[in-house]
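Since the structure comes first, as structure tokens, the remarks are kept for the end.
The values are calculated or read from the model by the stated rules, or taken from the named source; none is laboratory data. The model shown is predicted, which means the values in this text are computed figures rather than measured ones. All Cβ positions, even for glycine, are placed from backbone atoms using ideal geometry, and neighbour counts span all protein chains on display.
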Amino acid sequence: MSSRSIDRRAAEMSVAYVLTAFLFFGVAALAGLLQGLVRGGVITLPKWVNYYQLLTAHGVLMALVFTTFFILGFFYAGMAKTITLPRVSTNLGWIGWAMMFFGTTMATATILIGDASVMYTFYAPLKASPWFYIGATLLIVGSWVTGAGMIYAYTKWRKANQGQLSPLFAFMAVATMVLWYIATLGVAAEVLLQLIPWSFGWVPTVNVVLSRMLFWFFGHPLVYFWLMPAYAAWYNCVPKIVGAKIFSDSLARLTFVLFILLSIPVGFHHQLTEAGISEKWKIVHVALTLGVVLPSMMTAFSMFATFETVGREKGSRRLFGYFKKLPWGDVRFFAPFIGMVMFIPAGIGGIINTSNQLNQVIHNTIWVTGHFHLTVATSVALTFFGVSYWLIPSLMGRKLTKRIHKLGIFQTILWTVGMLIMSGAMHFMGLLGVPRRTDYTTYMDDLIGLSWMKYETLMAIGGALLFVAAMLMVGIVIYLWKYAPVGEEEFPMADSQPMLQHTPRVLEKWKLWIALTALLILISYGYPVYDAIVHAPPGAPPMKTW
């Protein structure tokens, strides 16, 4: 499996996705810096740009664009490494890239000219330009086209290798795209059937309850669309880097199946304080959300079992002595490992957000923003950074040098420190009741509002450190792409560890898992969606508050 070379066309396409991801990452980082400095009271924006423009640009480009482009590029490269990618797949990949790039450019333009300051959730009745929604639609549809290329390659491989288990990486890529296809149906329905006609003025009002319900059908699985590629790197690539094999092929596949089953029908836990949804249905979603903790715990067990196994093989005998045997000077390991560790407090915060009682304390406070940054901006982003260090030179025929290893470790530490300062301040402020998504204000010099200012400043300092780390990462990416020494860099893909029990074939019964997912969705969403349509609240006309 690990000896297969990557086709040149597939390599070029994967690099295009990854470089595009970091292009928009750089723009998003700049918007985030300015936003943080404004919120911290450090700078005042000129009249031609407003805080909510920056907030929208940062959220859309970082959470939706950077992640999606990187994930698709990483998956195509990994699939090309483990199975043969037909020309049809690479052609679909390029078509998808063009649609996504054009759609992102269109949506970004509407944000920059001030026609779409609606934040990345684009909650109605806030109304953006219809071209913002059309651009977002192109981004989603383009990702569907790209995903179709992966699924085509996977199904063709299975037909040619009947009776064999597919390579684990290919299985994980397809599982992630299955989740993505199902989850994006919600936001596609919202945008195509509600927001575009409404924003063009073809209909006067929009059903706000239904639109938010459809968004969060997509919004929470989006978190796992970010996490599952990171998990794919943890399961497949990190073991190879540390000199181990995959701990359990069965456990890894079951983890991804559970993510599909449990991470989609859970959106109402984001709407625990909203009217229009019965408390009984909210509790169903809370229960299913708590169930999704299980595959994450399975992943933690698998990864640290892998580290302990390789440490014991290298002579460690003490309880935690194996940590000394891990390759701490290798940025390909160091960055994802820090991401794993940071997911521990991020996961605990997620359980708090999910709890019906504890959520009342932190709902719509800046705590939620801090939690969000610990998950996608730390665990996921650091893993993507770690993958980039070997992925780009491997695809470009270049070498990852010792100097870049050291610089990458410094970048990882700088990013982590900046995130701990910024996210830590956000969590603490959230417990004090500081709202999220607000411009700088002293609340008319209210004493309570003024007492928050020192934490706002601390948050801005953390954001500034993050911006420096982000620009350093962009510079490293450019160096690895264009200027690193010519050579051959390993594409780390671990083999499975020999087990006494074979991997159950049922884990690749896609029709079964998709049917069960559809059943869970029908149970958890069927009546609430019906009720939101049949007993619709008064429609909301469009609003523009900026």
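A few remarks follow.
- The residues listed here are Thr108, Thr155, Thr176; of these, the one that is closer than 26 Å to Arg87 by Cβ and surrounded by 19 or more Cβ atoms within 10 Å (Cβ to Cβ) is Thr176.
- Selection status of Gly475, at pLDDT 95 or above, over 22 Å from Leu400 (Cβ atoms) and under 27 Å from the mean Cα position of the chain (by Cα): no
- Looking across the stretch 505-532, just one residue is surrounded by fewer than 13 Cβ atoms within 10 Å (Cβ to Cβ) and touching a residue at least 40 places away in the same chain (Cβ under 8 Å), and that is Arg505.
- The set of residues from the stretch 355-368 being touching a residue at least 40 places away in the same chain (Cβ under 8 Å) and under 23 Å from Thr438 (Cα atoms) comprises Asn359, Gln360, Val361, Ile362, His363, Asn364, Thr365, Ile366, Trp367, Val368.
- Condition check for Ala536 on (1) of a type in the set (A, V, I, L, M); (2) surrounded by fewer than 17 Cβ atoms within 10 Å (Cβ to Cβ); (3) assigned to a helix (DSSP H, G or I): one failure, at (3).
- Pairs where the first residue, in the stretch 308-319, is within 20 Å of Phe337 (Cα to Cα) and the second is of a type in the set (Phe, Trp, Tyr), C-beta under 8 Å, 6+ apart: Glu308/Tyr322; Thr309/Phe247; Val310/Tyr322; Gly311/Tyr322; Gly311/Phe323; Arg312/Tyr322; Lys314/Tyr322; Ser316/Tyr322
- Taken as a whole, the stretch 370-378 holds no residue that is polar (S, T, N, Q), in contact with a His (Cβ under 7 Å, 6 or more places away or on another chain) and crowded, with 20+ Cβ neighbours inside 10 Å.
- Scanning the stretch 110-129 for residues that are touching a residue at least 12 places away in the same chain (Cβ under 8 Å), aliphatic (A, V, I, L, M) and either touching a Leu at 6+ places or on another chain (Cβ under 7 Å) or within 18 Å of Trp48 (Cα to Cα) (or both) gives Ile111, Leu112, Ala116, Val118, Met119, Ala124, Ala128.
- Identity of the residue in the stretch 173-227, outside any helix (DSSP H, G or I) and closer than 26 Å to Ser278 by Cα, that ends up farthest from the chain's Cα centre (by Cα): Thr205
- Restricting attention to the stretch 174-220 and to residues that are touching a strand residue (DSSP E or B) at 6+ places or on another chain (Cβ under 7 Å) and not hydrophobic (A, V, I, L, M, F, W, C), the residue that is nearest to Tyr120 (Cα to Cα) turns out to be Gln194.
- Those residues of the stretch 272-285 which are surrounded by 16 or more Cβ atoms within 10 Å (Cβ to Cβ) and either free of Cβ contacts under 8 Å to residues at least 40 places away in the same chain or not in a helix (DSSP H, G or I) (or both), in sequence order: Leu272, Gly276, Ile277
- Pairs are defined by a Cβ separation below 6 Å, a sequence spacing of at least 6 or placement on different chains, a first member in the stretch 154-181 that is closer than 14 Å to Thr503 by Cβ, and a second member that is in a loop (DSSP other than H, G, I, E, B) and of a type in the set (Ser, Thr, Tyr); the pairs so defined are Leu165/Thr503.
- Matching residues in the stretch 130-152 - criterion: being under 30 Å from Thr438 (Cβ atoms), in contact (Cβ under 8 Å) with a residue 60 or more places away in the chain and surrounded by fewer than 21 Cβ atoms within 10 Å (Cβ to Cβ): Pro130, Ile134
- Any hit, the stretch 446-468, residues being at negative phi, under 29 Å from the mean Cα position of the chain (by Cα) and outside any helix (DSSP H, G or I): no
- For the stretch 120-137, the set of residues classified as of a type in the set (A, V, I, L, M, F, W, C) and within 22 Å of Leu185 (Cβ to Cβ) consists of Phe122, Ala124, Ala128, Phe132, Ile134, Ala136, listed by residue number.
- Within the stretch 83-120, restricting attention to residues that are modelled with pLDDT of 95 or more and of a type in the set (Ser, Thr, Tyr), the residue that is nearest to Thr545 (Cα to Cα) is Ser117.
- Annotation note: Cβ proximity below 7 Å between a residue of the stretch 68-87 that is charged (D, E, K, R) and a residue that is surrounded by fewer than 24 Cβ atoms within 10 Å (Cβ to Cβ) (sequence gap 6+ or interchain) occurs for Lys81/Arg4; Lys81/Ile6; Lys81/Phe491; Lys81/Met493.
- For the stretch 286-342, a residue qualifies if it is of a type outside the set (Val, Ile, Thr), buried (at least 17 other Cβ atoms within 10 Å of the Cβ) and assigned to a loop (DSSP other than H, G, I, E, B), and the qualifying residues are Ser316, Leu326, Asp330.
- Within the stretch 343-402, the only residue that satisfies the criterion of being at pLDDT below 95, part of a loop (DSSP other than H, G, I, E, B) and of a type in the set (A, V, I, L, M) is Leu358.
- Among the residues of the stretch 489-545, those identified as in contact with a strand residue (DSSP E or B) (Cβ under 9 Å, 6 or more places away or on another chain) and closer than 26 Å to Met172 by Cα are Glu489, Ala494, Asp495, Ser496, Gln497, Thr503.
- When every residue of the stretch 228-240 is checked against the conditions, at least one turns out to be assigned to a helix (DSSP H, G or I) and surrounded by fewer than 22 Cβ atoms within 10 Å (Cβ to Cβ).
- If only residues of the stretch 242-271 that are assigned to a helix (DSSP H, G or I) and over 23 Å from the mean Cα position of the chain (by Cα) are counted, the one that is farthest from Val209 (Cα to Cα) is Val242.
- Taking helices (runs of 4 or more DSSP H) as the structural unit, those lying wholly within the stretch 43-120 and holding at least 2 residues that are closer than 28 Å to Tyr440 by Cβ and more than 16 Å from the chain's Cα centre (by Cα) correspond to 51-59, 87-112.
To keep it simple, each residue is scored yes or no on (1) more than 30 Å from Lys81 (Cβ to Cβ); (2) in contact with a helix residue (DSSP H, G or I) (Cβ under 9 Å, 6 or more places away or on another chain); (3) among the aliphatic types (A, V, I, L, M).
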site: Thr441; (1), (2), (3): yes, yes, no
site: Leu447; (1), (2), (3): yes, no, yes
site: Ser451; (1), (2), (3): yes, yes, no
site: Lys482; (1), (2), (3): no, yes, no
